[in-house]
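The values are calculated or read from the model by the stated rules, or taken from the named source; none is laboratory data. Bear in mind the structure is a predicted one, so any value in this text is a computation, not a measurement. Ideal geometry is used to build each Cβ from the backbone, glycine not excepted, and the neighbour counts take in all protein chains shown.
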Amino acid sequence: MLYQLYETHRALLSPFSEFASASSKLYSHPLSPFTHVPMAQRLSAGLDLMHRLAKEYEKPEFNIRSVAVDGVDVAVQEQVALAKPFCRLLRFKRFTDDVAVLEKMKDHPTVLVVAPLSGHHATLLRDTVRTLLQGHKVYITDWIDARMVPLSDGPFHLDDYVEYVQEFIRHIGADNVHVISVCQPTVPVLAAISLMASRGEKTPRSMTMMGGPIDARKSPTAVNNLALNKSYSWFENNVIYRVPPNYPGSGRRVYPGFLQHTGFVAMNPDRHLNSHYDYFLDLVRGDEESAEAHRAFYDEYNAVLDMPAEYYLETIRTVFQDFALVNGTWVVKGETVRPQDIKTTALMTVEGELDDISGAGQTEAAQALCSGIPQEHRHHYTAIGAGHYGIFSGRRWREMVYPEIRQFIAQHDR
């Protein structure tokens with residue numbers, strides 16, 4: 001019922017949002033006579049802010065058209081390498097006529113970035129991908145909004161997530177790929193590679209785990225405490241709803257994206273309130289550069305997706321309540337997950353000093369679990385001054401974290 005109420009509310013606000021947008025332009029367009037009325041700039045700014053607060057945010061594009069490789073602009077084309085019902089494996093193919101650069105690009109390491117399925121779209125890792133493309137061949141998992149997946153495609157469990165990761169690794173070539181998992185997927189990625197190792201399959205050359213809840217018992221955050229303080233049945237009865245009839249996935253049980261978004265905002269309400277007020281002031285002052293930076297961030301932050309109910313609930317139980325990975329009790333389709341069986345895949349863990357989503361030590365816990373990997377092939381890095389998003393996006397990612405990962409991958413690509 002809540003989902004239907006939300007959709008009704010969104011439909012009612014839609015014309016108001018468009019009206020606010022048009023009215024804002026009426027008071028700001030240089031050819032409009034209304035720009036000369038008193039307080040026109042403030043009226044325009046206020047209406048623009050109303051528009052953004054009421055509008056619907058659709059999935060953004062990666063919009064990576066070119067990157068600089070050795071000082072040469074190289075064209076980038078987004079391709080679908082493999083399509084599954086709940087995910088697309090995307091490849092960012094680079095093209096250039098510069099023979100010298102082309103030869104260098106052929107020798108670049110191949111990287112699979114496993115994006116989180118935790119409310120936001122994979123485009124949240126746009127900066128991660130753009131930076132990696134300077135010296136790597138890049139693939140990424142592009143998870144599909146569950147409300148867009150018909151019921152006929154069946155359910156999607158946490159075990160299916162693990163199998164998807166394995167299939168993507170095999171498709172690219174296990175002995176030729178370095179896997180980078182960001183936040184939520186660190187757990188299923190470690191499980192996927194562990195199971196491959198236990199079966200005697202080839203495993204990736206390296207795996208880099210960034211800001212993920214490998215052991216959510218360490219330095220628990222608000223996210224961890226919520227999962228512990230509420231029972232499994234509470235989550236099933238209070239946050240799971242069926243997709244309304246106006247979507248292809250009508251009737252599918254999901255954890256709605258708008259609930260996840262509400263949770264994100266509730267973690268730092270003052271920061272978001274101040275950010276919107278600053279946006280209003282930037283519009284009044286005519287600071288278009290700062291205003292555009294705000295739009296770019298919130299166009300991404302406010303675009304959310306629904307998660308399949310079975311996957312969401314199983315993640316809550318497995319990762320945040322039973323701690324099945326670290327306790328050695330996680331069984332995926334009859335096979336026990338044994339990280340100690342990984343021998344030939346190098347391991348790097350990355351944490352942000354100020355991460356308020358995955359606390360200190362949660363990701364580093366993978367180091368102890370992967371006891372079969374020689375010490376010289378393991379590395380941990382803490383990004384000083386970086387929060388959760390800072391380890392994969394922004395200045396600290398580009399200047400601090402990426403150089404460490406680039407060096408680690410290069411070291412184990414030989």
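For this structure, a couple of remarks:
- Among the candidates 283, 273, the residue that is out of contact with any Cys (no Cβ under 7 Å at 6 or more places or on another chain), surrounded by 15 or more Cβ atoms within 10 Å (Cβ to Cβ) and in the same structural domain as residue 24 (by TED's automatic domain parsing) is uniquely 283.
- When residue 53 is tested against (1) loosely packed, with under 15 Cβ neighbours inside 10 Å; (2) at pLDDT 90 or above; (3) outside any strand (DSSP E or B), just one condition goes unmet, and that condition is (2).
- The condition of being among the polar types (S, T, N, Q) and not in a helix (DSSP H, G or I) does not hold for residue 41.
- Where residue 202 falls short, out of the listed (1) surrounded by fewer than 21 Cβ atoms within 10 Å (Cβ to Cβ); (2) out of contact with any Leu (no Cβ under 8 Å at 6 or more places or on another chain); (3) part of a helix (DSSP H, G or I): (3)
- Taking the criterion of being among the polar types (S, T, N, Q), in contact with a Lys or Arg (Cβ under 7 Å, 6 or more places away or on another chain) and not in a helix (DSSP H, G or I), the only residue of the range 353-396 that qualifies is 362.
- Checked against (1) surrounded by fewer than 20 Cβ atoms within 10 Å (Cβ to Cβ); (2) closer than 14 Å to residue 207 by Cα, residue 408 meets all criteria but (1).
- Restricting attention to the range 159-171, the residues that are surrounded by fewer than 23 Cβ atoms within 10 Å (Cβ to Cβ), of a type outside the set (Asp, Glu) and either outside the structural domain of residue 364 (by TED's automatic domain parsing) or out of contact with any strand residue (DSSP E or B) (no Cβ under 6 Å at 6 or more places or on another chain) (or both) add up to 2.
- Cβ-Cβ under 7 Å pairs, at least 6 apart or on other chains, the range 124-138 side on the phi < 0 side of the Ramachandran plot, far side charged (D, E, K, R): 124/300; 131/398; 133/94; 135/406
- Any hit, the range 63-76, residues being more than 27 Å from residue 293 (Cα to Cα) and without any contact (Cβ under 8 Å) to a residue 40 or more places away in the chain: yes
- From the list 262, 208, the one residue that fits, being in contact (Cβ under 8 Å) with a residue 24 or more places away in the chain and of a type outside the set (D, E, K, R), is 208.
- In this structure, residue 110 does not satisfy being within 22 Å of residue 333 (Cβ to Cβ), among the hydroxyl-bearing types (Ser, Thr, Tyr) and out of contact with any Pro (no Cβ under 6 Å at 6 or more places or on another chain).
- Test: residue in the range 217-234 that is charged (D, E, K, R) and either more than 21 Å from residue 262 (Cβ to Cβ) or surrounded by fewer than 14 Cβ atoms within 10 Å (Cβ to Cβ) (or both): yes
- Where helices (runs of 4 or more DSSP H) fall entirely within the range 246-351, those with at least 1 residues that are of a type in the set (Asp, Glu) are at 269-285, 288-301, 309-315.
- A single entry from 257, 211 fulfils the requirement of being at positive phi and surrounded by 15 or more Cβ atoms within 10 Å (Cβ to Cβ): 211.
- Residue, nearest to residue 278 (Cα to Cα), within the range 27-61, restricted to residues that are more than 33 Å from the chain's Cα centre (by Cα) and touching a residue at least 12 places away in the same chain (Cβ under 8 Å): 42
- Which listed residue is among the aromatic types (Phe, Trp, Tyr) and loosely packed, with under 14 Cβ neighbours inside 10 Å, from 95, 34, 19, 62: 95
- The listed residue being out of contact with any Gly (no Cβ under 8 Å at 6 or more places or on another chain), touching a residue at least 60 places away in the same chain (Cβ under 8 Å), surrounded by fewer than 18 Cβ atoms within 10 Å (Cβ to Cβ) and not aromatic (Phe, Trp, Tyr), out of 102, 82, 151: 82
- On the stretch given as the range 121-148, residues that are surrounded by 23 or more Cβ atoms within 10 Å (Cβ to Cβ), among the small types (Gly, Ala, Ser) and either within 19 Å of residue 403 (Cα to Cα) or more than 11 Å from the chain's Cα centre (by Cα) (or both) total 1.
- Every residue from the range 239-248 that is out of contact with any strand residue (DSSP E or B) (no Cβ under 7 Å at 6 or more places or on another chain) and more than 15 Å from residue 304 (Cβ to Cβ): 244, 245, 246, 248
- Within this structure, residue 89 fails the test of being assigned by TED's automatic domain parsing to the domain that holds residue 176, assigned to a helix (DSSP H, G or I), at pLDDT 95 or above and under 24 Å from the mean Cα position of the chain (by Cα).
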